[in-house]
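Reading through the structure tokens given below for one structure.
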Amino acid sequence: MNWRRATMCLALTGGAAAPAAACSPPPQRDAAGFFRDAVRSLPKNARGVMFAAPPGKTVRAGDFALTSDRAAHPLAVRVRALPAHEVRLEPVQGFQPGVRYTFRYLPAHGNWQFPDAMQVAIDDRVVTTTGQYALVLVPRAKRRMIVIPGGAACRQTVTAAVQEFTYSVPAALVPYAAGLDYAARADRVPIEAMGAALPVWTAGPQVYSALMAGEPTGAWYDRHNDAVVAPCNARVPLIRLRGVVRFPEVDSQVHPVRQQVIDLSRHVDGVCSPLEALVATLAERPFEPALRAVCGMQIAGAFSMPGGPLRAVTPDEWAFQLGFFYDHSPTCNLVGLAHVLQTGQFSADPAALDALGASLKQGLGYARPAEWDAAVHALHFLVFQLPPATQAATARRLLAPARPLLVAALAARHPQRPDDLARLIAWGGEQASTPAGPKQRW
């Protein structure tokens with residue numbers, strides 16, 4: 001099997017767009033170049049570095065330049081052909097410890113997926129790849145907000161059951177663990193067999209790093225520290241996770257890893273709702289980069305593009321976002337707004353709050369049921385995040401314009417979130433006071 005290609009997928013365009021935006025195919029790039037350029041150091045018994053030849057081309061030693069920080073002249077290199085159009089570039093005289101080598105592809109080439117040069121430093125140690133390898137699961141799966149491919153903007157924000165895992169490797173390879181080549185595969189369960197209507201999911205359980213190669217949230221996972229993800233509101237059968245590990249710079253061995261069985265229908269921490277999933281995701285990572293990565297362009301413009309700080313979002317931009325809800329925009333924007341209000345990064349003057357309240361009324365008025373539910377839940381959360389000194393006044397100005405809509409929703413035969421609605425109605429009243437409640441500390 002071609003383990004490199006098994007773990008590579010199409011790099012997707014970044015950023016979930018506003019409702020009118022469409023997904024544009026990424027530029028076509030050949031899967032060629034130094035595809036393991038993240039390997040920065042090697043033992044002295046390594047044979048060479050890995051290179052993927054361009055499609056339809058046979059590379060030769062003369063296509064490459066090899067230099068080092070100890071030699072005045074280029075060094076001789078040989079090309080060893082391996083399966084799956086991979087080659088290993090090997091110094092004819094071998095590697096020397098304490099030396100840094102630079103490999104460079106010389107001919108002109110088209111748009112490649114990987115770099116045409118790489119550097120590697122050589123350590124003074126010898127390793128073998130024999131030994132015990134294992135998949136190690138994080139003790140409990142959790143519900144989080146992640147990004148998967150799909151939708152009009154090429155990426156979709158979803159709540160998911162997430163089972164993180166890593167690998168244990170032989171002790172001699174621990175210094176190189178981050179740079180080993182890992183490939184994991186989970187049983188593919190047809191989405192229609194999972195007993196739920198899940199329109200954004202086109203497949204069942206998947207390995208996240210391979211699923212999301214090239215995406216911002218891919219930075220949270222790599223092939224060494226990865227996750228199996230599945231819809232959090234579905235009946236997920238037992239998943240069999242299998243893996244292999246190799247160190248192709250050292251030898252040609254592929255080491256299978258004993259499978260692990262994952263049960264995402266039980267023992268999953270967290271709540272399958274957008275708010276709880278997003279708050280839990282933000283609590284375990286740097287707040288603003290995580291919010292930007294998960295929410296993409298569903299959050300106010302100055303923050304998502306070109307990527308300024310959340311405090312740079314103007315009152316007008318917040319008002320624009322609250323005036324039209326779609327997908328996870330109510331959760332993303334109300335959690336973001338709660339953060340800047342709680343931390344004093346938003347100037348909550350009466351005029352700005354009145355404008356936000358008017359926009360919120362508009363957004364709720366047009367919201368579909370799922371977005372209405374998410375907005376009500378996130379508004380309830382937001383009020384509890386407000387600073388105590390201004391909590392009552394701020395909540396009243398935000399909620400008063402939408403109060404008739406909230407009253408009508410509570411009067412329905414089967415209202416959603418009646419407790420949340422009742423509190424929001426009270427907080428939007430003229431004489432309301434807001435009780436102290438649990439605050440999220442980021």
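The values are calculated or read from the model by the stated rules, or taken from the named source; none is laboratory data. Quick caveat: nothing in here was measured; it's all calculated off a predicted structure. As a convention, Cβ positions derive from the backbone with ideal geometry for all residues, glycine included, and neighbour counts pool all protein chains shown. Side chains are part of the model used for accessible areas, which takes the heavy atoms of the whole protein and leaves out ligands, DNA and RNA. Shrake-Rupley method; radii C 1.70, N 1.55, O 1.52, S 1.80 Å.
Values for this structure:
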quantity	calculated
Note, ³J(HN,Hα) from phi for the stretch 259-264, Karplus 6.51, -1.76, 1.60, rounded to Hz, x at Gly and Pro	5, 10, 9, 10, 10, 8
Prolate/oblate/rounded label for the stretch 174-333 (Cα gyration tensor, a/c 1.5)	oblate
Computed [θ] at 222 nm, deg cm²/dmol, the chain (DSSP H ≥ 4; -39,500 (n - 2.57); rounded to nearest 500)	-7500 deg cm²/dmol
Charged-residue dipole, Cβ positions (Lys, Arg, Asp, Glu), the chain about Cα centre, Debye nearest 20	840 debye
Sequence-distant aspartates and glutamates (8 or more away, or on other chains) whose Cα lies within less than 14 Å of Lys57	Asp30, Glu86
Computed label-point distance, nm, for sites Val261 and Ala389 using a 7 Å Cα→Cβ extension	5.9 nm
Accessible surface of the stretch 190-315 [probe 1.4 Å, protein heavy atoms]: carbon and sulfur percent	55 percent
Cα lying deepest toward the dipole's positive end in the chain, options Leu424, Pro91, Leu211, charges on Cβ	Pro91
Correct option for Kirkwood radius over Cα pairs in Å [calculated from the coordinates] among (i) 24.6; (ii) 23.8; (iii) 22.5	(i)
Stokes-Einstein D (µm²/s) once Rh is taken as the Kirkwood radius of the stretch 322-370 over alpha-carbon pairs, at 4 °C in 1.567 mPa s	113 µm²/s
Chain lengthening between Ala203 and Thr128 when straightened (0.36 nm per residue, less Cα-Cα)	23.2 nm
GNM flexibility winner over the chain from Val79, Val92, Val236 (Cα, springs under 10 Å)	Val92
Modelled FRET efficiency - R0 22 Å, Arg311 with Asp349, Cβ distances, 0.05 increments	0.90
The stretch 81-98 versus the stretch 300-358: alpha-carbon centroid distance in Å	53 Å
Sites Ser252 and Thr102 - FRET efficiency at Förster radius 25 Å, r taken between beta-carbons, to 0.05	0.55
In order through the stretch 132-143: 3J(HN,Hα) via Karplus (6.51 cos²θ - 1.76 cosθ + 1.60), integer Hz, x for Gly, Pro	9, 10, 8, 8, 10, 8, 4, x, 10, 6, 8, 9
The stretch 248-288 and the stretch 409-431: distance between their alpha carbon centers, rounded to Å	37 Å
GNM flexibility winner over the chain from Pro74, Pro170, Pro289 (Cα, springs under 10 Å)	Pro74
HN-Hα J in Hz across the stretch 87-99 - Karplus 6.51, -1.76, 1.60, θ = phi - 60°, x for Gly and Pro	9, 10, 8, 10, x, 4, 8, x, 8, 10, x, x, 10
Prolate/oblate/rounded call for the stretch 84-183, Cα gyration tensor, a/c under 1.5 rounded	oblate
Heavy-atom surface of the chain, accessible at 1.4 Å and reported per residue (Å²)	45 Å²
Difference of contour (0.36 nm per residue) and Cα-Cα distance, Tyr366 to Thr67	101.3 nm
Overall form of the stretch 216-296 per C-alpha gyration tensor (a/c, 1.5; a/b vs b/c)	oblate
Of the DSSP H helices in the chain, those whose Cα atoms cover at least 18 Å axially and whose Kyte score averages -0.5 or more	329-342, 350-366, 369-385
For the chain, built as a Gaussian network whose Cα springs stay under 10 Å, the top-fluctuating residue of Ala61, Ala280, Ala210	Ala61
